[in-house]
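Comments concern the structure below.
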């Protein structure tokens, strides 16, 4: 099985318990409330949420979240080596780059807001390719969005 920490040669939290690709199909997983660990959404809903944030926190003419809060979510809190996955990383409250914030999910899913161009994006899968974060389907869709702008 292609596990997140498979390349590590010592016992690791990523393998406790051993992740199962079909676990999100189980009722206990879906019923659990684990912030940042088992979010469930459609791609459309993710894109709408991040699109609202990319538009400065306004939804249908009503302010839902302040620009200051959005900027705080994108503020860098860590840049360096992620010891869990032995790779360089940058983290904030969901940071991806200088002008975007969001988060990837298990099996290739992603949701993000690009404040620079005012775009919200959501992509979810129903067919996991594995645990690693590189998913050619996701990359192709993101490239297509930016090529169209």
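None of the figures in this text is laboratory data; all of them are computed from the coordinates on show. Since we're looking at a predicted model, the values are computed, not measured. When we count neighbours, we look across all protein chains shown, and the Cβ atoms used for this are built from the backbone with ideal geometry, even at glycine.
Per-structure values
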read-out: Relative packing of peptides 108-119, 62-73 - highest average C-beta neighbours within 10 Å first; value: 108-119, 62-73
read-out: The stretch 16-55 versus the stretch 61-85: alpha-carbon centroid distance in Å; value: 18
